[in-house]
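Worksheet for the structure shown next.
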Amino acid sequence: MSTTTVPSPPELKNLRLEIDGEIGTLTLARPKVLNAMSPELIAELVTAAAWLADRAPLRALIVTGEGRAFSAGGDVTWFKRGLDESGAYLSADVRRGADVLHQAIVDFHRIPYPVIAAINGVAAGAGFSLALMCDTRIASEDAAFVCAYGRIGASPDGGMTYFLPRVVGPARALELLLNDPLLSAAEARAEGIVAEVVPADRLTEVARERADELAAKAPHYVRMSKLLVGQSLENTLADHLQVERHGIADSMATEDLREGVTAFLEGRQATFTGR
């Protein structure tokens, strides 16, 4: 009798990846520097994202930060050290660093199951980008959001100018980038940046409840919903309808579809197994 071997998570030092059943939690773990993104943390994001997208036996993922912050964004001390030591070469170093971060963002965006940001504190710069990358966002009352790049004269990265316009609209996204306000959790909720604001001591509990709810949905439905919405602003109508056509046809070959139809006709809640 054959057994299925569950892939082991990668070993990480600046991130913590925990698996509980079919729910994963990825925690940025540099709390002493507000989870700022050093080159080492960014490299681990690539490793983690590739594993989560291609090998993880999960049906939902929670992304959060350890300590007082979600992430303060890029490690400005790295920039300062580069200015002092690298001089003219800092642009080349940052170009390579951004390439690594962006590969992680691309792989995170490929994850076929729901990704929930549990934003425990400040999300600034690339930390804000990381939150925006997630499919939905739940914020602690202690959370805050700031674009931050303009405060040091740096151009945005990490997908901020891709994701933010899709969340709040292009005109409002540009206003937020140029005015650069520090948004409270309640203000971020009013902007539509977060779906829910909860007391700090309930953030983990509420994020897990939401993860369990989303994990119970049919994986093909979730995967195709993410794919279709993600492509909707780039595709022509005719091209997009073709993707929809194939998606619904493929769903007919799943056991989950059979279970969903049967449950509907029997007047009960469907139980989707991912097959």
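The values are calculated or read from the model by the stated rules, or taken from the named source; none is laboratory data. The structure displayed is predicted, hence computed values, not measured ones. All Cβ positions, even for glycine, are placed from backbone atoms using ideal geometry, and neighbour counts span all protein chains on display.
Quick look at the numbers
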item	result
Residues of the stretch 28-42 satisfying the condition of being over 18 Å from SER129 (Cβ atoms) and not in a helix (DSSP H, G or I)	ALA29
Residue match in the stretch 171-194 (condition: β-branched (Val, Ile, Thr), in contact with a helix residue (DSSP H, G or I) (Cβ under 9 Å, 6 or more places away or on another chain), in a helix (DSSP H, G or I) and surrounded by 14 or more Cβ atoms within 10 Å (Cβ to Cβ))	no
Among the candidates ARG258, ARG245, ARG223, residue that is closer than 30 Å to ARG275 by Cβ and under 17 Å from the mean Cα position of the chain (by Cα)	ARG223
Flag for ILE105 being among the aliphatic types (A, V, I, L, M), at pLDDT 95 or above and in a strand (DSSP E or B)	no
Enumeration of residues in the stretch 242-269 that are of a type in the set (Gly, Ala, Ser) and free of Cβ contacts under 8 Å to residues at least 12 places away in the same chain	ALA249, ALA253, ALA263, GLY267
The one condition in (1) touching a residue at least 12 places away in the same chain (Cβ under 8 Å); (2) exposed (fewer than 15 other Cβ atoms within 10 Å of the Cβ); (3) in a helix (DSSP H, G or I) that ALA207 fails to fulfil	(2)
Within the stretch 98-122, considering residues that are charged (D, E, K, R) and either touching a residue at least 12 places away in the same chain (Cβ under 8 Å) or closer than 18 Å to ARG223 by Cα (or both), the one surrounded by the most Cβ atoms within 10 Å (Cβ to Cβ)	ASP107
Residue within the stretch 152-159 that is assigned to a helix (DSSP H, G or I), farther than 30 Å from ARG55 by Cβ and touching a helix residue (DSSP H, G or I) at 6+ places or on another chain (Cβ under 8 Å) present	yes
Counted residues, the stretch 221-259 - those being under 16 Å from ARG59 (Cβ atoms) and out of contact with any helix residue (DSSP H, G or I) (no Cβ under 8 Å at 6 or more places or on another chain)	5
Residue, surrounded by the most Cβ atoms within 10 Å (Cβ to Cβ), within the stretch 224-266, restricted to residues that are among the β-branched types (Val, Ile, Thr) and part of a loop (DSSP other than H, G, I, E, B)	THR254
Every pair of residues 6+ apart whose Cβ atoms lie under 8 Å, when the first sits in the stretch 163-187 and is more than 23 Å from GLN231 (Cβ to Cβ) while the second is in a helix (DSSP H, G or I) and of a type in the set (S, T, N, Q)	LEU177/THR161
Test result for PHE145, crowded, with 23+ Cβ neighbours inside 10 Å and part of a helix (DSSP H, G or I)	no
